[in-house]
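What follows is a single structure, written as structure tokens, with notes after it.
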Amino acid sequence: MIAKIADVEKNFKSDLKKVSQPNELEEIRIKYLSRKGLLTQLFEEFKSLPREEKHKYGQSINELKELLLKSYDEIKSKLESSQAKNETVIDYTLPERKKQIGSKHILIQTLDEIKSIFKGIGFSVYEGPELESDYNNFEALNFPGDHPARDMQDTFFINESFLLRTHTSPVQIRVMQQLKPPIRVIVPGKVYRNEAISAKSYCLFHQVEGLYVDTDVTFTELKGTLVSFAKQLYGSDLKYRFRASFFPFTEPSAEMDIWWQPAGKEGRWLEILGCGMVDPNVLKNVGIDPEKYTGYAFGMGVERMALRKYGIDDIRIFFDNDKRFLTQF
Ligand code: DAH
């Protein structure tokens, strides 16, 4: 019996020396320490010994058990800690992870371009609130009380006298109430309309309003300014036209179209803005003397400008926040 105990100890020690991987250690556990392992077998044998014999070997076999368990635990924790070290090793040869940096939305880029062109010809930038009074949005701009644009269908009313502005024109009123002529401003901003959403219209879009009030402002100047602006944005070979139109707050009024030839499709005229000479009634509403001053105004759709500039055919894509679209610009 004593020889068997010594054998197990010797073999165990030499087996343990060869261990370098967890699976090898596991094999040793099964060989010596499991329910059918060598140590258990020794104990079985020990149990069947007569009493006086038991006395002889009890201590040795218990010492062997302690030794085996202790050595096994030591090697196990060594293996675990060296594994943990390996896991936090830094691989300096890996390529860097790209940082994702946001970029300006295509509409903001277009707005920036529009602003910088107008700043270059002496306009300053002014802003007004998106929640606007019925008075500024309609009444002061000479919309008769029963004008169809006041219909609940087109407008998001907050209550009887406040609404989400349907255009940037009410800021004309705010500017003229605060500044004295000469006034030369553009007003970029969001506007809202209760429209059925389609490829062509959305309930929210952007406009840039323009207003110039001084003595002797003429329609020719208005046209000259808009043509020079559009050519700076789209190139000097731009094809454009002005059509007579109607707005309650301008007289005479016009709309400007530019020619658009999308790749592989038929060319067509695209309306980009409304404009005209400020109606004398509007000047009167803000206390500016229409006998002394004249003015011109215009309002352009930023989405329209961007559609043409970047060859996009669906206005909804500006508001989808689809990274595949946004990261192209
Ligand atoms: N506010 C008009 C609209 O949203 C556009 C417009 C037309 C603005 C003529 C003007 C203007 O300043 O003079 O349809």
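When region 295-316 is examined, which residues are found to be away from the ligand (no atom under 13 Å from the Cβ) and not in a helix (DSSP H, G or I)? Please lay out each step first, then the result.
Going through region 295-316, the residues away from the ligand (no atom under 13 Å from the Cβ) turn out to be 305-316.
Hits for region 295-316 are GLY311, ILE312, ASP313, ASP314.
Checking THR250 against (1) within 20 Å of THR166 (Cβ to Cβ); (2) more than 13 Å from the ligand (Cβ to nearest atom), which single condition isn't satisfied?
It is condition (2) that THR250 fails.
Test each condition in (1) in a loop (DSSP other than H, G, I, E, B); (2) modelled with pLDDT under 95 for PRO129 and report the one that comes out false.
Condition (2) is where PRO129 drops out.
Hey, among the residues in region 257-275 that are surrounded by 12 or more Cβ atoms within 10 Å (Cβ to Cβ) and without any contact (Cβ under 8 Å) to a residue 40 or more places away in the chain, which one's nearest to the ligand (Cβ to nearest atom)?
That would be GLY274.
Return the residues of region 145-180 that are within 16 Å of the ligand (Cβ to nearest atom), touching a residue at least 12 places away in the same chain (Cβ under 8 Å), more than 16 Å from ALA297 (Cβ to Cβ) and assigned to a loop (DSSP other than H, G, I, E, B); say none if nothing qualifies.
Answer for region 145-180, where residues must be within 16 Å of the ligand (Cβ to nearest atom), touching a residue at least 12 places away in the same chain (Cβ under 8 Å), more than 16 Å from ALA297 (Cβ to Cβ) and assigned to a loop (DSSP other than H, G, I, E, B): HIS147, GLN153, ASP154, THR155, PHE156.
Answer yes if at least one residue in region 283-292 is within 12 Å of the ligand (Cβ to nearest atom), touching a residue at least 24 places away in the same chain (Cβ under 8 Å) and in contact with a Pro (Cβ under 9 Å, 6 or more places away or on another chain), and no otherwise. Walk me through it before giving the result.
Of all residues in region 283-292, those within 12 Å of the ligand (Cβ to nearest atom) come to none.
Within region 283-292, none of the residues are within 12 Å of the ligand (Cβ to nearest atom), touching a residue at least 24 places away in the same chain (Cβ under 8 Å) and in contact with a Pro (Cβ under 9 Å, 6 or more places away or on another chain).
Return yes or no: is GLU251 touching a strand residue (DSSP E or B) at 6+ places or on another chain (Cβ under 7 Å), in a helix (DSSP H, G or I), closer than 23 Å to SER169 by Cα and touching a residue at least 12 places away in the same chain (Cβ under 8 Å)? Can you show your working first?
Values: touching a strand residue (DSSP E or B) at 6+ places or on another chain (Cβ under 7 Å): yes; in a helix (DSSP H, G or I): no; closer than 23 Å to SER169 by Cα: yes; touching a residue at least 12 places away in the same chain (Cβ under 8 Å): yes.
No, not satisfied.
Residues of region 29-44 being open to solvent by less than 80 Å² (accessible area, probe 1.4 Å) and modelled with pLDDT of 85 or more, which ones?
Keep residues of region 29-44 that are open to solvent by less than 80 Å² (accessible area, probe 1.4 Å), which gives 29, 32-34, 37-40, 42-43.
Within region 29-44, ARG29, TYR32, LEU33, SER34, GLY37, LEU38, THR40 meet the criteria.
Could you please find all residues in region 58-114 being in contact with a Pro (Cβ under 7 Å, 6 or more places away or on another chain) and exposed (fewer than 12 other Cβ atoms within 10 Å of the Cβ)?
None; the set is empty.
What's the total number of residues in region 192-243 that are among the aliphatic types (A, V, I, L, M), part of a loop (DSSP other than H, G, I, E, B) and either surrounded by fewer than 14 Cβ atoms within 10 Å (Cβ to Cβ) or without any contact (Cβ under 8 Å) to a residue 60 or more places away in the chain (or both)? So that I can check it myself, show each step before the final result.
Step one: of region 192-243, the residues among the aliphatic types (A, V, I, L, M) are 196-197, 199, 204, 208, 211, 213, 217, 222, 226-227, 230, 233, 238.
So of that shortlist, the ones also part of a loop (DSSP other than H, G, I, E, B) come out as 196-197, 199, 217, 238.
Now restrict to residues that are either surrounded by fewer than 14 Cβ atoms within 10 Å (Cβ to Cβ) or without any contact (Cβ under 8 Å) to a residue 60 or more places away in the chain (or both): 196-197, 199, 238.
So the answer is 4.
The values are calculated or read from the model by the stated rules, or taken from the named source; none is laboratory data. A quick note: this is a predicted structure, and the numbers were derived from the prediction, not measured. We place every Cβ from the backbone using ideal geometry, glycine too, and count neighbours over all the protein chains shown. Please note that ligands, DNA and RNA were not included when accessible areas were found on the heavy atoms of the full protein model with its side chains. Shrake-Rupley method; radii C 1.70, N 1.55, O 1.52, S 1.80 Å.
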